[in-house]
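What follows is a single structure, written as structure tokens, with notes after it.
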Amino acid sequence: MENHFVESHSGGYYFSSDDPNVIEGLGEDSGNGDNIIFTYDDENLSEPLKSLAEYFTRDLIFTKDKLLEKLNSFHMYEIGVYAAFTEVSCSAIYSIDTSKDILRVLLEEKKIDRKTYDALIEYLNDKLEKQLDFIKGIDKLSLTINISKKKQKIKEK
């Protein structure tokens with residue numbers, strides 16, 4: 001049977017086995033339908049854990065290209081490379097903290113069990129540590145020099 005992890009239009013999250021059209025169509029006339037985050041088959045017991053883990057870490061980045069995109073989204077050229085790196089790190093921490101808050105509520109409302117909660121918290125902590133290590137490992141000085149060169153070329157044109 002298909003199950004869905006859903007973000008409610010009024011805030012919060014829940015699991016549902018209702019028809020997707022019913023879930024997303026509720027209040028459709030007023031634009032208040034809920035949003036299905038992911039769907040899984042209840043016969044695969046590890047699927048909700050895996051999908052929750054992927055959902056909660058979707059904003060983390062582990063490639064240099066994605067990092068540059070994220071740095072640019074914080075207007076790296078205007079605020080400077082070091083400030084943009086700080087913003088990216090803070091964004092990762094905020095994203096993981098928000099995910100932990102959602103998990104806490106799901107646990108309190110008994111929508112997930114303690115074992116799932118603990119496994120996901122451990123996973124989130126590990127991913128955040130890896131994210132921050134990845135960001136720290138980037139050579140900011142060479143990146144700053146390359147950005148300065150690009151700025152100079154743009155000014156020359």
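Each value in this text was obtained by applying a stated rule to the coordinates, not by laboratory testing. Here the structure is a predicted model, which is why all the values come from computation and not from measurement. Here Cβ is always computed from backbone atoms with ideal geometry, including for glycine, and neighbour counts include all displayed protein chains.
Fewest Cβ neighbours within 10 Å first, please rank VAL6, VAL81 accordingly.
Values: VAL6 22, VAL81 19.
By the 10 Å Cβ count, ascending: VAL81, VAL6.
So for HIS75, HIS9, fewest C-beta neighbours within 10 Å to most, what's the order? Don't skip to the answer; put the middle values down first.
Details: HIS75 12, HIS9 15.
Lowest count first: HIS75, HIS9.
Report, in listed order, any pair from LYS100/LYS140; LYS100/LYS127; LYS110/LYS130; LYS70/LYS127; LYS66/LYS130; LYS66/LYS115 with a Cα-Cα distance greater than 21 Å. List each step's numbers first, then the result.
Details: LYS100/LYS140 30 Å; LYS100/LYS127 13 Å; LYS110/LYS130 30 Å; LYS70/LYS127 17 Å; LYS66/LYS130 15 Å; LYS66/LYS115 32 Å.
Cα-Cα > 21 Å for LYS100/LYS140; LYS110/LYS130; LYS66/LYS115; rest within.
Whole angstrom only: what separates the Cα centroid of region 77-132 from the Cα centroid of region 36-68?
For region 77-132 versus region 36-68, the Cα centre distance is 13 Å.
If each residue's Cβ is checked for other Cβ atoms within 10 Å, how do SER95, SER142, SER8 rank with the fewest at the top?
On the way: SER95 19, SER142 9, SER8 15.
Final ranking by Cβ density, sparse to dense: SER142, SER8, SER95.
Full-extension gain between ASN125 and THR86, please, as 0.36 nm times their residue separation minus the C-alpha to C-alpha distance. Walk me through the numbers before you get to the answer.
Details: separation 39, 0.36 × 39 = 14.04 nm, distance 1.86 nm.
Contour length minus the Cα-Cα distance gives 12.2 nm.
Helix-only estimate, please: 222 nm mean residue ellipticity of the chain, summing -39500 (n - 2.57) across DSSP H runs of length 4 or more and dividing by its residues, to the nearest 500. Mind dumping the intermediate values first?
Working: 7 runs with 98 residues, N = 157.
Mean residue ellipticity at 222 nm (helix-derived): -20000 deg cm²/dmol.
Between [x] 1.10; [y] 1.63; [z] 1.18, which matches Rg/Rh (Cα atoms, Kirkwood Rh) calculated for the structure shown?
So the calculated entry is the one marked [x].
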